[in-house]
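Please treat every number below as a calculation from the coordinates, not as lab data. Remember, it's a predicted structure, so these values are computed and weren't measured experimentally. For neighbour counting, all protein chains shown are included, and Cβ atoms are generated from backbone atoms with ideal geometry for every residue, glycine included.
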Amino acid sequence: MVWLIGDKGMLGSEIARQLTENKIQWIGSDREVDITNSSELRKFASSHGPAANTTGLTVRKRKVPEKITWVINCAAYTAVDKSESEPDLAESLNAEGPLNIARVAREIGAKLIHISTDYVFNGNGKVPYTEEDPKDPIGVYGKTKAEGERQIEKEMTLYYIIRTAWLYGFDGKNFVYTMTKAMNTRDSVKVVNDQKGTPTCAVDLAEAIVKIIDSSDKAPFLFGKKSALPYGIYHFTNQGETTWFEFCNKIYEYGKKYGTITKDCVIEPCLTEDYPTDAKRPQYSVLSKDKIKMGLKIKIPSWEESLEKFIKSPRFEPK
């Protein structure tokens with residue numbers, strides 16, 4: 001059974017949908033279980049496993065709750081700019097929270113999948129970052145996410161840390177929805193054209209996560225633990241690279257094609273310095289996916305292909 005933490009968020013909601021579609025038993029928690037409070041996590045875990053109450057007796061058989069064998073952590077403090085003025089809160093959710101989750105996962109004998117970010121790098125690179133490249137975050141958000149990774153690595157061995165970037169999905173606010181609404185109400189928009197990265201559809205990332213679980217649970221025992229994909233850090237985004245400006249142009253192109261954008265809008269490029277933010281953004285945050293592609297034997301769609309599929313979907317509904 002999977003315990004999905006942050007099941008109401010953009011990625012968590014998509015993972016929940018796919019777990020259900022794939023008939024993988026799961027339970028979820030969100031803000032009602034405080035990840036900065038290890039006692040609350042333990043209480044939730046104990047109430048949803050074999051150690052929990054085993055009431056529900058039948059005449060011949062006792063019904064025992066299924067054991068939690070996987071924990072997926074999608075919970076995080078993701079307000080990049082706000083984290084600069086709320087470093088303690090960002091630290092508690094992005095570093096202390098993952099440490100608590102890792103401890104509880106280890107105690108109950110579960111494997112952990114934790115979502116991290118391209119912000120653990122400084123963005124000064126020129127070629128896609130690999131999982132082995134040194135971490136060098138430039139802001140509070142990135143520093144706290146990097147610390148969360150370190151705490152997990154220190155606390156347990158049965159983990160997958162998956163770094164992603166430029167994430168959008170059907171549930172919750174994201175760049176695609178924001179720009180769709182903007183281009184439906186304004187005559188022009190300005191978008192940064194000197195930051196490079198890769199847009200990532202939550203559907204594709206969720207599919208990879210479900211595949212990790214499914215392939216691992218069907219694999220032979222290795223040293224007493226099931227594992228098809230070696231434990232460790234992996235990167236996942238869609239294929240290719242682009243800028244926010246080019247990303248926005250594709251949103252406009254597909255929006256006009258499928259009727260989600262109904263008016264004309266001029267998209268103007270600008271520089272990062274023309275759009276000041278509290279937190280400094282990585283100028284280059286393209287991630288290498290070779291490791292996860294080879295490990296899972298998967299083909300990852302291009303960012304353009306996934307974006308078009310996303311915009312033409314009946315589930316597309318800007319919030």
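Here the range 193-319 is treated as a sphere whose radius is the Kirkwood value from Cα pairs; by Stokes-Einstein at 10 °C and 1.306 mPa s it diffuses with a coefficient of 93 µm²/s. On the basis of the beta-carbon distance and an R0 of 30 Å, SER302 and LYS256 show a calculated FRET efficiency of 0.90. Between the range 145-213 and the range 298-319, the alpha-carbon centres lie 13 Å apart. Grouping the Cα pair distances of the range 88-174 into 5 Å bins from zero gives a pair-distance distribution of 3, 14, 22, 22, 19, 13, 6, 1, 0 percent in increasing distance order.
Label points 7 Å out from Cα along the Cβ direction at SER47 and ASP88: separation in nm? So the label points at SER47 and ASP88 sit 2.8 nm apart. Dipole check for the chain: with +1 at the C-beta of Lys and Arg, -1 at the C-beta of Asp and Glu, and the Cα centre as origin, the magnitude is about 1540 Debye.
Assuming 0.36 nm per residue, please report the length gained on full extension of the stretch SER288 to TYR231 beyond their Cα-Cα distance. Kindly include the intermediate steps, with their values, before the conclusion.
Working: separation 57, 0.36 × 57 = 20.52 nm, distance 1.74 nm.
Extra length available between SER288 and TYR231 comes to 18.8 nm.
With both residues required to sit in the chain, DSSP beta bridges show an antiparallel share near 15%.
About its Cα centre, how strong a charge dipole does the range 139-294 have in debye, to the nearest 20, once Lys and Arg get +1 and Asp and Glu get -1 at the Cβ? Could you put the intermediate results ahead of the total?
Numbers: 23 positive and 20 negative charges, 68 e Å.
For the range 139-294, the charge dipole is close to 320 debye.
So what is the calculated 222 nm ellipticity per residue for the chain, using -39500 (n - 2.57) for each DSSP H run with n of 4 or more, over all residues, to the nearest 500 deg cm²/dmol? Each step should come with its number before you reach the end.
Values: 10 runs with 112 residues, N = 319.
Rounded to the nearest 500, the figure is -10500 deg cm²/dmol.
Take the Cβ-Cβ distance between LYS67 and GLU317 as r, set R0 to 25 Å, and report the resulting FRET efficiency rounded to the nearest 0.05.
Details: r = 37 Å, r/R0 = 1.48.
In this case the efficiency is close to 0.10.
Calculated FRET efficiency, ARG186 and LYS126, Cβ-Cβ r, R0 30 Å, to nearest 0.05? It comes to 0.30. Once both labels are positioned 7 Å from their Cα atoms along Cα-to-Cβ, the gap between TYR275 and GLU153 label points is 3.2 nm. Between ILE212, ILE161, ILE298, the residue with the greatest mean-square fluctuation in the GNM of the chain (Cα pairs under 10 Å linked by springs) is ILE298.
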